[in-house]
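Student: After the structure tokens below, expect a handful of questions from me.
The values are calculated or read from the model by the stated rules, or taken from the named source; none is laboratory data. Remember, predicted model here, so these are calculated numbers, not experimental data. Reconstructed Cβ throughout: ideal geometry from the backbone, glycine too, with neighbour counts over all protein chains shown.
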Amino acid sequence: MASTNSWDLLVDSKKDDIFIETKKSIRGFLIVRAQGHIDCNAKDIFRCVMYNPLKNQWDINCDKTIYRKKVGVNGYILYNKTVKKYVVAARDFAMNWIQNTEPDGSTYYCASSIGCKYDEPTVKDVVRGATPLSGFHIKPVAGNPNKCLITIVNEVDLKTAIPDWILRTILKDQGYQIDRLRKMIPVWKKKFPGENPN
């Protein structure tokens, strides 16, 4: 796989089945996009992603995720706080969040701080970031409902400059969420052995 349309290749690992690329958005912010496959059905993957007690084991940049308020069908106000990374202060985000499942079984969830009206208090020593767009697309592979292509997209305004080597590490961490999520699915299934989404 090769990067196109101004995307810069960061990782192309056939061994790990992880593809990560970055570019500047039309807003001038950094976007990271990652893809890889997971051998599991879309509903179980989504349920594992939404199970917060396991989240910081596969999203290692996440300190906490809290659903503040339900605002509509599959719509919430979401608060997310990252961990401090090396010398880089933690960031937090207040976002609108929505989820949808398509007839083919594809599941999307998207979050954006644009237009989020929730009054989230600031936290000392934490930088309030912004994300015009972030989320997952979990798409079943044609002919194999127990395998999905995962696409993660994050466009972020981190508000302050971050050293390039730290930023590259953070971006790789974001992309390798897919690989860590693969390992987390069996852990999640042990906790919920009776789940049968099909």
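Student: May I ask you to say which residue of Ile185, Ile138 is under 18 Å from the mean Cα position of the chain (by Cα), touching a residue at least 12 places away in the same chain (Cβ under 8 Å) and part of a strand (DSSP E or B)?
Tutor: Only one candidate qualifies: Ile138.
Student: Looking at segment 104-135, which of the residues that are more than 18 Å from Val71 (Cα to Cα) and acidic (Asp, Glu) is farthest from the chain's Cα centre (by Cα)?
Tutor: Applying the filter and picking the extreme gives Asp125.
Student: Given the conditions (1) in contact with a Ser or Thr (Cβ under 7 Å, 6 or more places away or on another chain); (2) surrounded by fewer than 20 Cβ atoms within 10 Å (Cβ to Cβ); (3) not aromatic (Phe, Trp, Tyr), which single one is not true for Lys190?
Tutor: (1)
Student: On to the next question. Within segment 160-174, does at least one residue satisfy the condition of being on the phi < 0 side of the Ramachandran plot, at pLDDT 95 or above and of a type in the set (Ser, Thr, Tyr)?
Tutor: Checking segment 160-174: not a single residue is on the phi < 0 side of the Ramachandran plot, at pLDDT 95 or above and of a type in the set (Ser, Thr, Tyr).
Student: Name, by its number, the condition in (1) aliphatic (A, V, I, L, M); (2) over 30 Å from Pro163 (Cα atoms); (3) at pLDDT below 95; (4) in contact with a strand residue (DSSP E or B) (Cβ under 8 Å, 6 or more places away or on another chain) that does not hold for Ala89.
Tutor: Only one criterion in (1) aliphatic (A, V, I, L, M); (2) over 30 Å from Pro163 (Cα atoms); (3) at pLDDT below 95; (4) in contact with a strand residue (DSSP E or B) (Cβ under 8 Å, 6 or more places away or on another chain) is unmet by Ala89, namely (2).
Student: For segment 147-168, what are the residues that are of a type outside the set (Asp, Glu), surrounded by 14 or more Cβ atoms within 10 Å (Cβ to Cβ), in contact with a Phe, Trp or Tyr (Cβ under 9 Å, 6 or more places away or on another chain) and over 18 Å from Trp7 (Cβ atoms)?
Tutor: Result: Leu158, single match.
Student: Quick check, is Phe19 assigned to a helix (DSSP H, G or I), at pLDDT 90 or above and touching a strand residue (DSSP E or B) at 6+ places or on another chain (Cβ under 8 Å)?
Tutor: So Phe19 fails the test.
Student: Then there's this: Name, by its number, the condition in (1) modelled with pLDDT under 95; (2) closer than 20 Å to Val71 by Cα that does not hold for Asn96.
Tutor: (1)
Student: Can you find even one residue in segment 127-145 that is out of contact with any helix residue (DSSP H, G or I) (no Cβ under 7 Å at 6 or more places or on another chain), buried (at least 21 other Cβ atoms within 10 Å of the Cβ), β-branched (Val, Ile, Thr) and on the phi < 0 side of the Ramachandran plot?
Tutor: Yes, because at least one residue in segment 127-145 is out of contact with any helix residue (DSSP H, G or I) (no Cβ under 7 Å at 6 or more places or on another chain), buried (at least 21 other Cβ atoms within 10 Å of the Cβ), β-branched (Val, Ile, Thr) and on the phi < 0 side of the Ramachandran plot.
Student: Which residues, counting only those in segment 129-159, are of a type in the set (Lys, Arg) and at pLDDT 95 or above?
Tutor: The answer is Lys139, Lys147.
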